[in-house]
Each structure stands twice: as structure tokens, then as C-alpha cells.
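Q: Mind looking over this structure? Questions follow.
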Amino acid sequence: MEQDTKDDTDFVKFWNTILEPKFTKYRHILQGGLSRHSAAVIPSLPIKEGMSVLDVGCGWGDMSLQIAEIVGPKGRVVGIDCVDAFLVEARKDAAAKGLSHVEFFRGDAEVALPENEFDYVVARFGTMFFTNPVAALRRMRLALKPGGQMTHIVWRRREDNPAWQEAKEITLRHLPPPGEDADTCGPGPFSMGNQEMAGAMMKSAGYEDISFTRVDEKIMIGTTPEECIEFALAIGPGGEVFREAGEALAEAKRPGIESEMRAFFESQERDEIGIWAPTSSWVISARNPA
Ligand SMILES: C[S@@+](CC[C@H](N)C(=O)[O-])C[C@H]1O[C@@H](n2cnc3c(N)ncnc32)[C@H](O)[C@@H]1O
């Protein structure tokens with residue numbers, strides 16, 4: 001099932017070279033935060049013992065493992081991601097939990113997915129990055145058996161996600177916006193935040209019974225203000241502006257950016273774990289016509 005790395009698109013190369021080390025460094029923040037949006041939702045989905053489930057853009061695979069516990073050994077879970085290093089960790093965690101009915105494969109959901117094989121398809125914060133979202137959502141639908149269901153979780157609008165948006169606005173007060181040909185992780189984290197537009201994409205991809213549930217969660221964005229700043233300048237919309245400005249200009253502007261960011265992060269809720277900021281997502285569920 002694995003795709004050959006020689007066929008990697010520039011997008012997949014970008015994920016494996018530029019984004020992977022940053023994601024790995026901040027796994028404790030990212031996985032902790034993203035899992036807060038799925039933890040409450042997954043047990044209420046109609047995923048049952050014995051089902052086969054595909055997790056698209058599974059990352060480190062923690063949600064695949066949570067689902068593997070629900071479907072049990074009579075079921076099957078497949079996680080697919082385009083980043084090798086994430087899959088190494090996912091396989092390690094599955095082995096440590098003794099879950100042998102979950103497998104992880106390297107694949108590009110924009111190129112190919114298994115067909116007509118699964119009862120349920122899930123994706124947590126992966127689909128907003130697709131360069132051609134309708135085609136990829138259709139491919140996810142075709143991975144389902146007729147009548148199968150899917151659920152994907154995406155960020156809502158920027159204004160409901162100050163944890164990400166404020167870092168971008170601060171950075172943009174000091175640096176120019178990324179140019180048209182900038183290296184990015186795809187259309188961007190908020191590309192499915194508009195309910196009407198995301199609903200239209202799902203319809204165009206051939207789904208029916210499309211529903212949206214809003215989830216609001218505070219997530220930990222760094223253990224200290226210093227880590228919040230490092231994280232915001234490495235990953236997400238603020239990090240993209242900082243990276244694309246070029247090292248010389250970005251470093252020259254760093255003191256001003258850091259001082260504004262510090263004021264923002266220090267104004268957020270803080271406890272013994274770290275600093276918390278509000279985020280908001282859509283849980284979008286739908287069905288492949290029978
Ligand atoms: C924000 S991360 C979320 C990871 C994981 N689902 C989670 O919630 O922790 C987005 C993931 O989508 C993966 N991804 C992006 N585009 C992909 C594609 N075309 N095919 C497969 N995986 C993709 C990335 O490698 C990354 O692991």
C-alpha cells in the first residue's frame with residue numbers, strides 16, 4: 001500500500017523536510033492541543049466494535065490508537081500519513097500498547113487511498129492542508145464502503161482561533177505577508193472554517209447527510225511565555241510569515257515581534273501546566289451514499 005518516495009510531490013517533500021522537525025519538536029503542544037478536539041467527540045461517533053476505520057493524515061497516530069481500542073481486535077484501523085518520522089512514532093506507540101490490529105502506512109491522500117474498504121474514515125486537522133480539497137475528500141469517500149461514514153475535524157474561522165491568529169497579526173505588523181510562491185503547508189489552517197464553503201466542498205465530493213458540530217477548547221500553547229513565542233514563530237500562520245520573510249529580515253525584526261507576543265501570551269490564562277488560549281473547530285460528519 002505504501003507509495004514510493006521518488007514520486008513525492010513538492011508538498012510532501014516540504015512536510016518531510018521543513019515541517020517535520022518543527023512538528024516533532026513541539027509534539028507535546030500539538031498533540032496535546034489537537035487531541036482535546038477529538039477526545040470528547042470520538043466516543044460519541046457511531047464507530048463500533050469490529051469496524052474497519054481509516055485515519056487520514058494520522059500524524060503520530062494517537063487518534064488511530066484511541067479508535068483501535070474502540071473497534072477491538074475484531075476490527076481494523078489503518079493510519080495514513082505522508083511523513084515518515086510521524087509514522088515511526090505511531091508504530092512504536094501501537095507496539096507499546098500491544099495493538100496489533102492497527103497499521104500505519106506512508107501515503108499521499110492527494111494521490112491515492114485504498115478504495116471501497118472501510119466502514120468509517122476519520123481525519124483530525126489534516127484535510128485543511130490539501131491543495132485540492134474536493135478531490136481528496138472524494139478520495140476519502142471512495143475509501144468507504146457504500147453507506148459508510150466519515151468525520152473530519154478542522155479549525156473554524158480565524159477570529160475564533162486567537163491562539164493562532166494573534167501570532168500571525170503580530171508578526172504581520174513587523175514583516176511582509178508571504179508572497180504568492182511561498183512554501184506553505186497548503187491552503188492553510190482556516191481553509192474549511194467557513195461552514196457554507198466547507199459544506200459545499202463536502203457536497204461536491206459526493207457526501208450526503210452532512211452535519212457540523214462546533215467544539216470550543218482551550219489548548220496549551222506553551223509551558224512558558226518563551227516557549228509560546230518559539231512555538232508561534234516556528235509553526236502555524238505566524239511561523240509561516242516569519243519563515244518566508246527570510247532569515248536576515250526576520251532576525252532583525254525578532255525583538256519587536258517577541259516583545260508584542262510576550263505581552264499577548266502573558267495576558268492568557270496560565271496554570272502549573274502552561275499557558276492556555278481559546279481555539280475552535282468544526283467536527284464535520286457525513287455519509288457515502290449507499
Ligand atoms: C496538523 S497535522 C495533524 C496530525 C494528526 N491528525 C493529529 O491530529 O495529531 C496534519 C497532518 O496531515 C498530514 N498530511 C498533510 N497532507 C497530507 C497528504 N496529502 N497525505 C497524507 N497526509 C497528509 C501531515 O503529515 C500531518 O501529519
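Q: Give me the pairs: first residue in the stretch 106-134 and part of a helix (DSSP H, G or I), second residue more than 13 Å from the ligand (Cβ to nearest atom) and of a type in the set (Ser, Thr, Tyr), beta-carbon distance under 9 Å, and six or more apart or on different chains, which are they?
A: VAL134/SER204
Q: Condition first: more than 13 Å from VAL56 (Cβ to Cβ) and within 16 Å of the ligand (Cβ to nearest atom). Now tell me which residues in the stretch 144-155 satisfy that. It would help to see each step written out before you state the result.
A: Here is the first cut: in the stretch 144-155, the residues more than 13 Å from VAL56 (Cβ to Cβ) are 145-149, 155.
Passing the criteria: only TRP155.
Q: Then there's this: So which of ALA290, ALA277, ALA198, ALA234 ends up being buried (at least 17 other Cβ atoms within 10 Å of the Cβ), in contact (Cβ under 8 Å) with a residue 60 or more places away in the chain and within 22 Å of ALA136 (Cα to Cα)?
A: Details: ALA290 fails: buried (at least 17 other Cβ atoms within 10 Å of the Cβ); ALA277 fails: within 22 Å of ALA136 (Cα to Cα); ALA234 fails: within 22 Å of ALA136 (Cα to Cα).
It is ALA198.
Q: Still on this model: Hey, does the stretch 106-117 have a residue that's over 26 Å from VAL88 (Cβ atoms) and surrounded by 22 or more Cβ atoms within 10 Å (Cβ to Cβ)?
A: Going through the stretch 106-117, the residues over 26 Å from VAL88 (Cβ atoms) turn out to be 115-116.
The next check asks that each one be surrounded by 22 or more Cβ atoms within 10 Å (Cβ to Cβ); those that pass are none.
The answer is no, given that none of the residues of the stretch 106-117 is over 26 Å from VAL88 (Cβ atoms) and surrounded by 22 or more Cβ atoms within 10 Å (Cβ to Cβ).
Q: Within the stretch 190-219, track down each residue that is touching a Gly at 6+ places or on another chain (Cβ under 7 Å) and closer than 23 Å to ARG243 by Cβ.
A: Passing the criteria: only ILE219.
Q: Confirm whether LYS145 is part of a strand (DSSP E or B) and under 23 Å from LEU113 (Cβ atoms). Reasoning before the result, please.
A: Values: part of a strand (DSSP E or B): yes; under 23 Å from LEU113 (Cβ atoms): yes.
So LYS145 fits the description; yes.
Q: Tally time: how many residues in the stretch 233-278 are modelled with pLDDT of 95 or more and within 22 Å of the chain's Cα centre (by Cα)?
A: Of the residues in that region, 3 qualify.
Q: While we're on this one: Scan ARG158, ARG141 and give me the residue that is of a type in the set (D, E, K, R) and either touching a helix residue (DSSP H, G or I) at 6+ places or on another chain (Cβ under 7 Å) or within 13 Å of the ligand (Cβ to nearest atom) (or both).
A: Details: ARG141 fails: either touching a helix residue (DSSP H, G or I) at 6+ places or on another chain (Cβ under 7 Å) or within 13 Å of the ligand (Cβ to nearest atom) (or both).
Checking each option against the conditions leaves just ARG158.
Q: Only one of (1) more than 20 Å from the chain's Cα centre (by Cα); (2) within 16 Å of the ligand (Cβ to nearest atom); (3) of a type outside the set (D, E, K, R) fails for LEU175. Which number is that?
A: That leaves (2) as the condition not met.
Q: Another one. Got a number for residues in the stretch 43-85 being more than 10 Å from the ligand (Cβ to nearest atom) and either under 24 Å from ILE235 (Cβ atoms) or in contact with a His (Cβ under 9 Å, 6 or more places away or on another chain) (or both)? Walk me through it before giving the result.
A: First, pick out the residues of the stretch 43-85 that are more than 10 Å from the ligand (Cβ to nearest atom): 43-54, 65-78.
Going one step further and asking which of them are either under 24 Å from ILE235 (Cβ atoms) or in contact with a His (Cβ under 9 Å, 6 or more places away or on another chain) (or both), we end up with 65-66, 68, 71-77.
Final tally of qualifying residues: 10.
Q: Which of (1) free of Cβ contacts under 8 Å to residues at least 60 places away in the same chain; (2) in contact with a helix residue (DSSP H, G or I) (Cβ under 9 Å, 6 or more places away or on another chain); (3) buried (at least 16 other Cβ atoms within 10 Å of the Cβ); (4) not acidic (Asp, Glu) is the odd one out, the single condition VAL71 does not satisfy?
A: Of the numbered conditions (1) free of Cβ contacts under 8 Å to residues at least 60 places away in the same chain; (2) in contact with a helix residue (DSSP H, G or I) (Cβ under 9 Å, 6 or more places away or on another chain); (3) buried (at least 16 other Cβ atoms within 10 Å of the Cβ); (4) not acidic (Asp, Glu), the odd one out for VAL71 is (2).
Q: Give the number of residues within the stretch 151-198 that are modelled with pLDDT of 90 or more and outside any helix (DSSP H, G or I).
A: 16
Q: Taking the conditions exactly as written (within 14 Å of the ligand (Cβ to nearest atom), surrounded by 14 or more Cβ atoms within 10 Å (Cβ to Cβ) and at pLDDT 90 or above), does MET220 satisfy them or not? Please lay out each step first, then the result.
A: On the way: within 14 Å of the ligand (Cβ to nearest atom): no; surrounded by 14 or more Cβ atoms within 10 Å (Cβ to Cβ): yes; at pLDDT 90 or above: yes.
No: the conditions fail for MET220.
Q: With respect to the numbered conditions (1) crowded, with 16+ Cβ neighbours inside 10 Å; (2) in contact with a helix residue (DSSP H, G or I) (Cβ under 7 Å, 6 or more places away or on another chain); (3) outside any helix (DSSP H, G or I), which one is the sole condition not fulfilled by SER285?
A: Status for SER285: all satisfied but (2).
Q: Scanning the stretch 105-129 for residues that are near the ligand (Cβ under 8 Å from one of its atoms) and in contact with a Gly (Cβ under 6 Å, 6 or more places away or on another chain), which turns out nearest to ILE153 (Cα to Cα)?
A: We begin by selecting, within the stretch 105-129, every residue near the ligand (Cβ under 8 Å from one of its atoms); these are 107-111, 123-126, 129.
Pick out the ones that are also in contact with a Gly (Cβ under 6 Å, 6 or more places away or on another chain) and you get 123, 126, 129.
Numbers: ALA123: 6, GLY126: 8, PHE129: 12 Å.
Only one residue tops the list, namely ALA123.
Q: A follow-up question, please. Against the condition of a type in the set (Phe, Trp, Tyr), at pLDDT below 95 and crowded, with 20+ Cβ neighbours inside 10 Å, how does PHE129 come out, does it pass?
A: On the way: of a type in the set (Phe, Trp, Tyr): yes; at pLDDT below 95: yes; crowded, with 20+ Cβ neighbours inside 10 Å: yes.
Yes: the conditions hold for PHE129.
The values are calculated or read from the model by the stated rules, or taken from the named source; none is laboratory data. What you see is a predicted model, and the numbers here were worked out from it, not measured in a lab. With ideal geometry, Cβ positions are generated from the backbone for all residues, glycine too; neighbour counts draw on all protein chains shown.
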